[in-house]
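Chemist: Got a structure for you, questions after.
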Amino acid sequence: MGSAAELAAAVLMMLGFPCLMVAALVPSVYAFAAAAAVTYLADHYLHRKGSYLINRLGKVRAGLSIRFLIRQLLLVLLLARLSLADELIYYGAIACFIAFFALQAPHGALVTLIRNRRRMPVATRNVDLKSRIRIPDAPPQGLLHRSAEKMLHLDLFAVVGILVGAALDRSAYGYAGIGSTVLLGLLYVLALMPYVRGRKIPPTAERVLEAVDDWLTAYKPETVLYFSGSKDSAYQVNMWLETMEQLSTRPLVLLRERVILQNLAPTTVPVICVPGGVHLMNMDLSTVRVALYAANVGKNIHLLRVPTMKHVFIGHGDSDKLASVNPFSKVYDEVWTAGRAGRDRYAIADVGVRDDDIVEVGRPQLAPIRNWQGVPEDRMPTVLYAPTWEGWDDNPGNTSILLAGENIVRRLVQADPPVRVLYKPHPFTGTRSAQAKAAHERITALVEKAAAQRAADSRFPADPAAQTQAKAELARIEARLAELSGAGGEKGDEAEASRDGVVDVTRHEETARLRTEWNAAYWRSFPAYEHRVIAGAEPRLYDCFNVSDAMVSDISSVVSDFIASGKPYAVTDSAELGVEEFKRQNTAVRAAVILSNSAQELGGLLAAVRDPAADPLADDRGELKRYLLGPDEPTSIDQFNTAVADLGRKAETRNLGQVNRAMAGGAGENALADLLPGQRLSSAGETDGVTAG
């Protein structure tokens with residue numbers, strides 16, 4: 001329903017309309033003006049907040065245009081009740097509102113036409129389109145942003161003028177307001193017209209696709225990271241961007257949803273977003289030899305159909321969840337796992353993925369995670385609680401939030417000797433289950449209450465000067481980051497962003513450095529003992545790993561990633577399988593402290609943190625790390641690059657074999673094209689990237 005303020009604004013707005021009717025019937029100009037002001041202001045507030053309630057009002061036929069029309073009709077009723085029905089101002093008001101709504105049609109049509117024409121068939125980043133096609137500047141944001149609301153609010157001049165004229169018995173004010181409303185509405189329509197004609201019209205879809213193909217021909221991508229998903233799943237592709245930047249082959253990121261592109265992290269890798277399946281299947285990807293998939297989704301089929309490249313499922317995490325052994329994985333040529341555990345997981349699941357098709361490549365993303373050196377004597381231990389979300393079903397083993405979360409946090413904040421608690425929930429927490437959302441809110445309240453109590457406790461002295469300095473540093477860094485994010489100019493729309501979206505490498509590197517500095521300043525900006533809820537994208541999960549000395553979590557890739565640090569950790573058996581069965585079913589918990597829903601076993605975790613020498617699971621964690629994540633040497637990125645190169649050679653061998661068989665059989669050029677879909681045959685009987693031999 002939105003915030004309490006949004007709900008209050010919606011209530012005021014809806015109550016304002018009955019008040020308008022009463023004021024019109026009484027009649028009272030001043031009461032009508034007051035009620036009208038309330039409805040205008042409440043409406044504007046809800047739109048500015050992007051409130052969910054605005055959408056709900058539209059569903060019950062109380063949409064934006066209807067609300068404005070009702071207010072205008074009630075104003076006409078007020079004039080009639082004031083005995084002005086025989087006056088020219090009465091007919092002027094009616095004519096004004098008819099003309100004003102007549103202008104809504106061309107205005108809406110122009111806005112829709114401009115937006116549709118400027119919506120590219122593909123959107124890009126780090127792809128040079130500027131030298132290949134002419135993409136005109138976008139219209140000023142002021143013309144298109146919330147355009148319907150802006151247009152409708154132009155009636156304010158007429159409403160105010162008519163009310164002032166009625167109150168003062170001076171029709172001139174009403175005529176001035178009427179003229180202003182009609183004139184401004186007409187000018188708004190005329191201001192939009194240049195953007196649907198001449199050189200301000202973007203190129204056609206065919207020309208854009210030709211330009212993209214021309215760029216692909218010049219760039220010759222070799223390895224593609226393919227991704228499709230919802231807005232909230234953008235993290236699944238973002239985690240692979242740094243790895244793509246470190247590839248030895250020419251990388252390309254292919255996205256299927258515009259919303260993913262909007263939420264994509266900064267990268268130097270070329271990115272092409274292709275929403276249409278037909279456009280993707282007609283795109284020239286003839287030089288690509290390896291396609292990497294971070295998620296199992298239906299749209300993968302649009303690229304999986306191409307036999308000239310090898311297809312690999314790399315996933316977006318390594319865990320004992322059922323999603324990690326999805327039977328769909330057998331459609332890929334290979335499945336890459338972090339370590340031996342992933343291979344064994346598929347063997348046990350027996351879902352049709354052959355052992356020969358599994359390659360262990362480590363986890364390149366884990367490079368930033370630092371190994372544990374114990375808790376410094378001058379610092380309080382920090383325990384991270386990072387539960388996963390509730391999942392798509394009501395399995396009690398999905399998350400500890402529902403049954404154990406409050407017990408875990410309560411025991412941690414009451415621990416003696418004390419520890420600091422960081423609570424970082426999964427981004428999807430509460431999106432499906434109202435119970436999970438409520439539990440999350442209770443846990444948040446627990447952490448915040450404990451933080452407030454600790455801040456008031458004299459046993460925990462703060463260093464205000466150091467924290468003030470860190471906050472000033474944060475402000476400086478954030479200001480510079482904001483400056484850098486807009487240094488290339490805010491792009492007016494998707495077309496401009498594609499045209500001008502080639503990354504400035506220097507600015508990109510400075511941004512990366514500043515984000516590292518921001519992270520360091522963030523942790524210095526509050527006392528090292530302060531409990532904290534980490535709800536946003538920053539600090540990142542791995543940054544939380546590095547400042548923590550132990551973690552409590554659930555069965556998810558978070559556990560496998562944390563094991564890279566070598567630090568003690570606990571996992572909650574929320575389904576109450578029992579310790580032995582829980583460990584048998586879930587490889588990643590074999591070196592963990594297993595918690596029941598009461599969390600009474602947390603003492604074992606805290607003891608291991610306070611005295612690493614007496615930690616009974618330290619050796620088990622080292623062995624499990626190698627089993628789950630592979631060896632430390634060669635580095636994971638080296639393993640990953642080797643796997644890409646090996647698979648690329650297999651693709652070349654397959655394609656060469658197809659060409660040789662076709663040539664030996666006397667096949668013509670058309671037959672070769674059928675054998676190698678997506679390949680561009682040259683006049684010499686060769687394919688791009690594949691010699692006929």
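Values in this text are rule-based calculations from the coordinates and carry no lab data. All figures in this text were calculated on a predicted structure; none of them were measured in a lab. Counting neighbours? That spans all protein chains shown, and the Cβs are built from the backbone with ideal geometry, glycine included.
Chemist: Stretched out fully, how many nm does the piece from residue 348 to residue 65 gain, at 0.36 nm a residue minus the Cα gap?
Modeler: Numbers: separation 283, 0.36 × 283 = 101.88 nm, distance 6.00 nm.
Fully extending the segment from residue 348 to residue 65 adds 95.9 nm.
Chemist: Still on this model: Amide H to amide H under 5 Å from residue 382: which residues, 5+ apart in sequence or cross-chain, H placed 1.01 Å off N in plane?
Modeler: Counting only residues 5 or more places away or on other chains, the set is 420, 549, 550.
Chemist: For the chain, what is the calculated [θ] at 222 nm in deg cm²/dmol (nearest 500), taking -39500 (n - 2.57) for each run of four or more DSSP H residues and dividing by its residue count? Could the numbers behind the result be given before it?
Modeler: Working: 28 runs with 349 residues, N = 693.
Computed ellipticity for the chain at 222 nm equals -16000 deg cm²/dmol.
Chemist: I'd like the orientation of helix 29-48 relative to the chain: the angle between its Cα long axis and the longest Cα principal axis, in ° from 0 to 90, rounded to 10.
Modeler: Between the helix axis and the principal axis of the chain, the angle is about 20 degrees.
Chemist: Something else about it: Quick one: 3J(HN,Hα) in Hz for region 160-168, Karplus 6.51/-1.76/1.60 with θ = phi - 60°, rounded, Gly and Pro as x.
Modeler: Karplus values, whole Hz, x for Gly and Pro: 5, x, 5, 5, 5, x, 5, 5, 9.
Chemist: Charges at C-beta only: +1 for Lys and Arg, -1 for Asp and Glu. How large is the resulting dipole of the chain about its Cα centre, in Debye rounded to 20? Don't jump to the answer; show the numbers that get you there.
Modeler: Values: 75 positive and 77 negative charges, 416 e Å.
I would put it at about 2000 debye.
Chemist: On to the next question. In the neighborhood of residue 171, defined by Cβ-to-Cβ distances under 14 Å, what is the net charge if each Lys or Arg adds +1 and each Asp or Glu adds -1?
Modeler: On the way: positive: 170; negative: 86, 87, 169.
Net charge around residue 171: -2.
Chemist: Which of the listed residues, 246, 227, 113, is farthest toward the dipole's positive end in the chain, when Lys, Arg count +1 and Asp, Glu count -1 at the beta-carbon?
Modeler: Farthest towards the positive end: 113.
Chemist: I'd like the orientation of helix 171-192 relative to the chain: the angle between its Cα long axis and the longest Cα principal axis, in ° from 0 to 90, rounded to 10.
Modeler: Once rounded, one gets 40 degrees.
Chemist: Run the numbers for residue 183 and residue 210: contour at 0.36 nm per residue of separation, minus the present Cα-Cα distance, in nm.
Modeler: Details: separation 27, 0.36 × 27 = 9.72 nm, distance 4.32 nm.
Gain in length upon complete extension: 5.4 nm.
Chemist: Assigning unit charges at the beta carbon (Lys, Arg +1; Asp, Glu -1) and nothing else, what dipole magnitude in debye, to the nearest 20, does region 205-366 show about its Cα centre?
Modeler: Details: 17 positive and 20 negative charges, 41 e Å.
It works out to roughly 200 debye.
Chemist: Continuing with this model, one more query. Just want the ordering: 301, 114, 594, 555, from fewest to most Cβ atoms lying within 10 Å of their own Cβ.
Modeler: Details: 301 11, 114 23, 594 19, 555 28.
Arranged by neighbour count, lowest to highest, 301, 114, 594, 555 become 301, 594, 114, 555.
Chemist: Near the amide H of residue 570, under 5 Å away, which other amide H atoms are found, from residues 5 or more places off or on another chain, if H is placed in the peptide plane?
Modeler: HN-HN under 5 Å from residue 570: 551, 552, 553, 593.
Chemist: If you don't mind, there's one more thing I want to ask. Tell me, what is the FRET efficiency for residue 95 and residue 262 to the nearest 0.05, using R0 = 60 angstrom and their Cβ-Cβ distance as r? Let's see the in-between values first.
Modeler: Working: r = 44 Å, r/R0 = 0.73.
It comes out at approximately 0.85.
Chemist: Next question. Using each residue's phi in region 383-394, evaluate 6.51 cos²θ - 1.76 cosθ + 1.60 at θ = phi - 60° and report the 3J(HN,Hα) Karplus result to the nearest Hz, with x for Gly and Pro.
Modeler: 10, 9, 9, 10, x, 8, 8, 7, x, 8, 10, 9
Chemist: Please find the FRET efficiency linking residue 452 to residue 601, where r is the Cβ-Cβ separation and R0 is fixed at 30 Å, and quote it to the nearest 0.05. Before the final figure, lay out each step's value.
Modeler: On the way: r = 28 Å, r/R0 = 0.93.
After rounding, the FRET efficiency stands at 0.60.
Chemist: If you bin every alpha carbon distance in region 205-366 into 5 Å steps from zero, what whole percent lands in each bin?
Modeler: Answer for region 205-366: a P(r) of 1, 9, 18, 22, 21, 16, 8, 3, 1, 0, 0 percent.
Chemist: Order these by the 10 Å Cβ neighbour count, fewest first: 143, 25, 384. Each step should come with its number before you reach the end.
Modeler: Working: 143 17, 25 12, 384 25.
Least crowded to most crowded, the residues run 25, 143, 384.
Chemist: Another question, then. Among 44, 547, 286, which residue has its Cα positioned farthest towards the positive end of the charge dipole of the chain, with +1 placed on the Cβ of Lys and Arg, -1 on the Cβ of Asp and Glu, and the dipole taken about the Cα centre?
Modeler: Going by the Cα projections, it comes out as 44.
Chemist: For a 29 Å ceiling on Cα separation, which of these pairs sit above it: 299/650; 49/424; 59/437; 437/625?
Modeler: Pairs exceeding 29 Å: 437/625.
Chemist: Arrange 581, 517, 390 by Cβ neighbour counts within 10 Å, fewest through most, would you?
Modeler: 581, 517, 390
Chemist: Right, another one. Sequence gap at least 6, Cα distance under 8 Å: using those rules, report the relative contact order of region 281-386 to the nearest whole percent.
Modeler: Values: 113 pairs, mean separation 20.2, N = 106.
This gives 19 percent for region 281-386.
Chemist: Local charge sum around residue 355 (other residues, Cβ-Cβ under 10 Å, Lys/Arg +1, Asp/Glu -1)? Let's see the in-between values first.
Modeler: Values: positive: 343, 354; negative: 344, 356, 357.
Residues close to residue 355 contribute a combined charge of -1.
Chemist: Which entry in (1) 1.05; (2) 1.58; (3) 0.94 matches Rg/Rh (Cα atoms, Kirkwood Rh) derived from the coordinates of this structure?
Modeler: Label (1) holds the value from this structure.
Chemist: Still on this structure, I have one more. Normalised by the number of residues in the chain, what is the relative contact order in percent for Cα pairs under 8 Å and 6+ residues apart?
Modeler: Details: 1081 pairs, mean separation 95.6, N = 693.
With pairs under 8 Å counted, the relative contact order is 14 percent.
Chemist: Determine the distance separating the Cα centre of region 538-560 from the Cα centre of region 141-163; give it in Å without decimals.
Modeler: Value for the Cα centre distance between the two parts: 50 Å.
Chemist: Using θ = phi - 60° and the Karplus form 6.51 cos²θ - 1.76 cosθ + 1.60, what ³J(HN,Hα) does each residue of region 467-482 get, whole Hz, x for Gly and Pro?
Modeler: 5, 5, 5, 5, 5, 5, 5, 4, 4, 5, 5, 5, 5, 5, 5, 5
Chemist: Angle between the Cα long axis of helix 434-455 and the longest principal axis of the chain, 0 to 90 degrees, nearest 10?
Modeler: Helix 434-455 and the main axis of the chain meet at about 80 degrees.
Chemist: Give the relative contact order (percent, whole number) for region 205-366; include only Cα pairs under 8 Å separated by 6+ residues. Working shown, then result.
Modeler: On the way: 263 pairs, mean separation 32.3, N = 162.
Relative contact order of region 205-366: 20 percent.
Chemist: Express in whole angstrom the spacing between the alpha-carbon centres of region 9-64 and region 335-402.
Modeler: Region 9-64 and region 335-402 have Cα centres separated by 52 Å.
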